[in-house]
Amino acid sequence: MAVTTGKGQTMWGGRFAATPSDIMEEINASLDIDRRMAAEDIAGSRAHADMLAEMGIISEGDNDAIQGGLDKIVEELRNGSFPFRRELEDIHMNVEARLKELIGEPAGRLHTARSRNDQVVTDFRLWTRGALDEAMQLIAGLQGALVKRADENTDTVMPGFTHLQTAQPVTLGHHLLAYAEMLERDRSRLLGCAERLNECPLGAAALAGTGFPIDRDMTAEALGFARPMANSLDAVSARDFALEALAALSIAATHLSRLAEEIVLWTSAQFGFAQLTDAWSTGSSIMPQKRNPDAAELIRAKASLITGLYTSLQGAVKALPLAYAKDLQDDKRLTFEAFDTYTLCVRAMTGMIETIRFKPDNMRAAAAKGFSTATDLADWLVRELGLPFRTAHHVTGELVAKAEAKACDLSDLTLEDMQAAQADITDAVFDVLTVEASASSRTSYGATSPVRVAEQVAQWKQRLRLE
Ligand code: ARG
């Protein structure tokens, strides 16, 4: 591609005798990425021009011309006629150059007391703030889906696992609400990030501030920031807001990945706990019986992709001396991709959770396997017979061994079997050996019993303003 801009035609070309090489242009251009910030760039320019006029740094007439030109650019962007030019490097230069074509000389006054360094990071903070909002809303949507399915399954018994070995019966509602809790912390991390992010770098200019009598409170307020950033060197070079967002997304995606892994397990023939609907399954080109949980698998893989984006940005920032360096241009590529990936994953997960068909009979049957009520038996021996827990643990261990030898469940042992291990066991023991009794008995705060889960569901509905 020939470089068509001659001397003086690039924005910064005044002191250059020759134009950049094609490869220089290629490595330097960020337009394909940062054109996504066109709306934020225009918002920043509007606020800046209004402030310049208010402070008498440019005339009202120039400001009117600038705002009118920006209106036209908004329209061109909307109807797709905006002439994006890669040789103009980035969205900032594209907007300014187009403004010059549209309104002439006043366009050249817009960049007074401003640099692309404070401009780009103002745009980027605005964009990230919007993206955080969207991500938080999507998380609330997924929480809503989890709560709804938990509500339907407060007393659906399934095996609870530790080490993926059957541990104790739990309720499906309890299991689903565990993810609602994780997602709440994810949301709160994003919110904390959005709050810290919300300071305005505009007016820091290139790095040292400006001698023009600007009003940074005015631009900060116009753009919805809480205040201007207090140090201009920090303002143009800080990217911890993006790092923090990506770190929070990486943790949030890790939570989605854990849930995705459960879906992969649950929908396998071996578990048989659930089935994804056709809309959320894919088939195999050779094995007609297959119903694959591709979306869940992709969410699992994309979680580490997001972590990779975080570490890439951390690597770009960690050795940069103050203030701005061009390394920072790639921050947007990484951040956009992280948000795009995460929001896609949340949407897919929400769709799967809303529609997945649970198989309560299979869950219940699995919950009864693996001697899952052994702890209930030991607790009964403590409560009813007054055995020390360690002794009860031992007696129960003997009974588990006996059931294993007879290839039956604890509840299938005879009273004689029981009494051979501990003479004073009575018939009443069988009441605690069902999985329903086991789950229902766990009524401590935060525990799995249907009563507690129903309470939690009610609180979640309030918190999420469902119903
Ligand atoms: N496209 C650039 C970026 O994203 C804008 C800032 C350029 N600043 C500069 N001093 N070259 O970082």
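The values are calculated or read from the model by the stated rules, or taken from the named source; none is laboratory data. The structure presented is a predicted model; accordingly, all values stated were derived computationally and were not measured. Cβ atoms come from the backbone with ideal geometry, glycine included; neighbour counts cover every protein chain shown.
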Those residues of the stretch 276-295 which are crowded, with 18+ Cβ neighbours inside 10 Å and either among the small types (Gly, Ala, Ser) or touching a residue at least 60 places away in the same chain (Cβ under 8 Å) (or both), in sequence order: Leu276, Trp280, Ala295
Flag for Tyr342 being modelled with pLDDT of 95 or more, more than 16 Å from the ligand (Cβ to nearest atom), farther than 23 Å from Ala167 by Cα and crowded, with 21+ Cβ neighbours inside 10 Å: yes
Those helices (runs of 4 or more DSSP H) lying entirely in the stretch 19-113 with at least 2 residues farther than 20 Å from Arg125 by Cβ: 22-28, 38-54, 60-79, 91-103
Qualifying residue in the stretch 414-423 (condition: over 17 Å from His393 (Cα atoms), of a type outside the set (S, T, N, Q) and free of Cβ contacts under 8 Å to residues at least 24 places away in the same chain): yes
Residue selected from the stretch 354-365 under the condition of a type in the set (A, V, I, L, M, F, W, C) and surrounded by fewer than 22 Cβ atoms within 10 Å (Cβ to Cβ), by the criterion farthest from the ligand (Cβ to nearest atom): Ala365
Qualifying residue in the stretch 238-254 (condition: surrounded by fewer than 20 Cβ atoms within 10 Å (Cβ to Cβ) and closer than 30 Å to Pro360 by Cα): yes
Filter pass, Pro321 being within 16 Å of the ligand (Cβ to nearest atom), at pLDDT 95 or above and over 20 Å from Thr156 (Cα atoms): yes
Residues within the stretch 251-303 that are small (Gly, Ala, Ser), more than 18 Å from the chain's Cα centre (by Cα) and within 18 Å of Arg347 (Cα to Cα), tallied: 2
Any hit, the stretch 293-308, residues being assigned to a loop (DSSP other than H, G, I, E, B) and either out of contact with any strand residue (DSSP E or B) (no Cβ under 6 Å at 6 or more places or on another chain) or farther than 30 Å from Gly173 by Cβ (or both): yes
Considering residues of the stretch 78-116 that are over 29 Å from Gly209 (Cβ atoms) and within 16 Å of the ligand (Cβ to nearest atom) only, the residue surrounded by the most Cβ atoms within 10 Å (Cβ to Cβ): Glu87
Qualifying position, being in contact (Cβ under 8 Å) with a residue 24 or more places away in the chain and either away from the ligand (no atom under 16 Å from the Cβ) or touching a strand residue (DSSP E or B) at 6+ places or on another chain (Cβ under 8 Å) (or both), among Leu328, Leu377: Leu377
Residue selected from the stretch 190-237 under the condition of a type in the set (S, T, N, Q) and more than 16 Å from Gly130 (Cβ to Cβ), by the criterion surrounded by the fewest Cβ atoms within 10 Å (Cβ to Cβ): Asn231
Any helices (runs of 4 or more DSSP H) falling wholly within the stretch 386-467 and containing at least 2 residues that are exposed (fewer than 13 other Cβ atoms within 10 Å of the Cβ) and over 41 Å from the mean Cα position of the chain (by Cα): 389-405, 415-421
